[in-house]
Structures are given as structure tokens and as C-alpha cells.
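**Student:** One structure, as C-alpha cells, below. Some questions next.
The values are calculated or read from the model by the stated rules, or taken from the named source; none is laboratory data. All values reported here derive from a predicted model rather than from experimental measurement. Ligands, DNA and RNA are stripped out before the accessible areas are found, and what is left, the full protein with its side chains, is counted by its heavy atoms. Shrake-Rupley method; radii C 1.70, N 1.55, O 1.52, S 1.80 Å.
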Amino acid sequence: MTEIADVFEHYGGAFRNQYNPSLQALKAMSAIERCRTSALGGHVDGCDECGHLKISYNSCRNRHCPKCQNLPKEKWLEDRKEDLLPVPYFHVVFTLPSELNNVALRNKKIMYTLLFKASAETLQALAADPKHLGAQIGFTSILHTWGQNLMEHPHVHCIVTGGGLSPNQSQWIPSKSKFLFPVRVMSALFRGKYLALLKEQQERRPLKSMEDEQTFKALMSQLHKKDWIVYCKPPFHSPEHVLKYFGRYSHRVAISNHRICHMENGKVTFTWRDYKDGNKQKRMTLTAVEFIRRFLLHILPSRFVKIRHYGLISNANRKTKLARCKEILDVPVKKKEDSCEKETWSEFLLRLTGIDPMLCPSCGKGRMNMQQTLYPQREIAIAS
């Protein structure tokens, strides 16, 4: 199976010669290319029954690597179980207009931060308004910056409680059963809040590519006249469905390896869904260099937090307001077992899936124990 790492290995040099990628992009390329290879080292496990040997190479753990997301995702989902309430949840998506794509690419940290802030303020303002709900809600926002064709498409997925805690914290106020807030109201408020924040940012420090005042004013005028896209899906009716959706969006990267069909003659073919054509699955072929360019558009700034919690499930409210919601909704309180030992990855996988990764794959009886550490291989430059 062709992987993103294979494309980087064969055509990464051509890409670097043609473009001038950022340091963050170069680090991601290097990490993905070396992931689970001898370049990162590893270890040799041996069966204590039949003597079977197995070599395992280390993962790069880069958050943009398609091979390194499963375990972090499962651990994250395990933690999210503690935040869930027995109420319906809504899935709301806030999308930046395409006119802002180029500005966002040149000012990623600023533009994506404003996207989080404007979408969160929109939901919180409508929830606090007695005309709509009159309560404090809880939600998790997850940033995605790509579309199915790997082009720029910045948007946030918000998983929102269908109701909230009353201002005096005495009761749970449920939302309407079929929709959270009117989509047109959310769209208009989101547009107003984002453009106000963008204007404040421009006054403090002009954005890259927007230094000219007239250019910025023309863009703002265009954005004020346009309807911004906000989409709200029907509510989930159980915590299990909520977790399933969380898993689909939380640790996703721009494209997974299983979507790549093949690589040949300097071109990469992958599958994609055309939402404008009835959600049909199609195939797209790009030059390998263009494929790499599109993938690297979605490398996030260093330490940028792409999953954020608000309202009832924010860090400031988990132990107080969320606990009060559980009390009102009669959610059983789970007592944490006192344990000084931290659960290993193999124990976690066994508990989660019932699969024991330490069981010998050859005889099915023995236990795999580490026999030898493999240190990372370093390339040695030989002077000509």
C-alpha cells in the first residue's frame, strides 16, 4: 500500500527544490518519512515459549502523521467519556468564506484563533439569550483546515450539548428537540463577531498580505455582504453516538493512507468525496509535488491547540458546573480507583479492544518480552 511517507521519500526532494517550505513543514515531512523505520530506532521482542522474534520500530508521534493517531485518539476518547451527559448533542460546523483562505494560509495562528473565538462566542451568546435558551452550554471545538480535495477549507466542528445549566444552577434547561439555534441567526452573528475581531487585529498589527489599507477595506466590504456558512446536523440521541463522532473528527489528518490508490510516473491518485455532486466518491490524480504541497498546507503552527473545550466542560468548570449538571441529571459518579501504577499502552489496548499485543503471534501461547534495544540509525556523511 502506498503511504504518504512513500510520496515524501520519492518526491520530497523535488518539492523542496521547487518550493520554500516552512521549518514546521520540513519537520513534519521528516517525521512522517522516518516514522516506524530504523531511522527512529526500536526494539526486538522475543517469545518466551517458541523464541519467535519480532522487530518493532518507533513512531514519530507527529500530530500530522496518519500512522500515529490511533492510540492518542482512543486515549482522548476515553477521557471524554467523563464529560458526557445523558442529553442530546448537536454537531455544528462554522466555516470561513473562501475569500479568507489565502489570508488564513499566511496568518495561520491568528486566523485560526479568531475562528475558534468567534464560533465559541456565537454559541455562548445565543445560549445565554433567554429568547433561545437562557442557559450555559458545554461544547468541544475541533479545527480542520482541509477539504476532500486537500485544498484550503478552514472550519471548526463543534459538538454541543442540547441544553444547558440555568443561571442560578438549579435546573437543566433542554433545547428544542430538532434544532439548537436558527442557522441564519448563527450565521449572521458568527460573521459579525469574526469580522469585528479581524478588524481589531488589523488595527493592532496588519495581517500579512493585507498591509494595504484599501485592500483590507475592500475585502471587509465583500465579506460583510456574503452569507457565511454555518451548518447544524440533527442531534445525537446517545453518548455512544457522540463518542463515535468525536472519533471521526478529533485526530484526523488532511488525508489518511488508505485513501491513496497508487503512485506512479510522478503522480499520486487518491479517493475523495465530491459533496457538490451528491457526495459521490471519485478519484483525483495530482503530480506528486502538488500532492505534497496540498498536504503541507495543513501543517499547524507549533504548539497550536486544535481541540478546545468551552462552557460547562472547560477546565475552569469541569469540577464545579459540570459536576452540578451530573447531579441534576442523576448521572452516577464513578469513583476513580486508587492506583500508583500508570496503565501501559498494551494494558490499555487489551482493555479497550480485547486484543493482547504482548501475545506471541506465532505460537499464540507465549509472551513477547523485549530482548534488545535498536538505536536510531544516523546517516554518516562521507567526504568525496
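**Student:** Which order do LYS109, LYS117 take when ranked by solvent-accessible area (1.4 Å probe, heavy atoms of all protein chains), largest first?
**Tutor:** Largest to smallest exposure gives the sequence LYS109, LYS117.
**Student:** Any idea of VAL242's accessible area? Nearest 10 Å², probe 1.4 Å.
**Tutor:** Near enough 0 Å² of accessible area.
**Student:** By Kyte-Doolittle mean hydropathy of at least -0.5 and Cα axial length of at least 18 Å, which whole DSSP H helices of the chain are selected?
**Tutor:** Taking the DSSP H segments of the chain (at least 18 Å long, mean hydropathy at least -0.5), we get 4-18, 108-128, 183-204.
**Student:** Let me ask something else about it. Could you state how much accessible area SER98 has, in square angstrom rounded to the nearest 10, with a 1.4 Å probe and all protein chains kept in place?
**Tutor:** 80 Å²
**Student:** Related question: Which entry in [x] 24.1, 78; [y] 22.4, 69; [z] 27.5, 92 matches Rg and Dmax of the Cα atoms in Å derived from the coordinates of this structure?
**Tutor:** Computed from the coordinates, Rg and Dmax of the Cα atoms in Å corresponds to [x].
**Student:** Quick one: P(r) of the range 145-264 from all Cα-Cα pairs, 5 Å bins, percents rounded to integers, in order of increasing distance.
**Tutor:** The distribution over the range 145-264 is 2, 8, 12, 14, 15, 15, 12, 11, 8, 3, 1, 0, 0, given as percents.
**Student:** Given a 1.4 angstrom probe, I'd like the percentage of the accessible area of the range 50-118 that is carbon and sulfur, rounded to a whole number.
**Tutor:** Of the solvent-accessible surface of the range 50-118, carbon and sulfur hold 49 percent.
**Student:** Moving on to the next point. Over the chain, average the accessible area per residue using a 1.4 Å probe and give it in Å², no decimals.
**Tutor:** 57 Å²
**Student:** Now for a different question. Go from 0 up to the bin containing the longest alpha carbon distance in the range 1-159, width 5 Å each, and give me the % of pairs per bin.
**Tutor:** Over the range 1-159, the share of Cα pairs per 5 Å bin runs 1, 7, 10, 13, 15, 14, 13, 9, 7, 5, 3, 2, 1, 0, 0 percent.
**Student:** State, to one decimal in nm², a quarter of the convex hull surface area for the C-alpha atoms of the range 281-359, i.e. the direction-averaged projected area.
**Tutor:** 12.0 nm²
**Student:** How large, in percent, is the carbon and sulfur part of the accessible surface of the range 248-381 at a probe radius of 1.4 Å?
**Tutor:** Ligands and nucleic acids excluded, carbon and sulfur give 50 percent.
**Student:** Please state, as a whole number in µm²/s, the translational diffusion coefficient that the Stokes-Einstein equation yields for the range 77-234 at 10 °C and 1.306 mPa s, with Rh defined as the Kirkwood radius across alpha carbon pairs.
**Tutor:** 95 µm²/s
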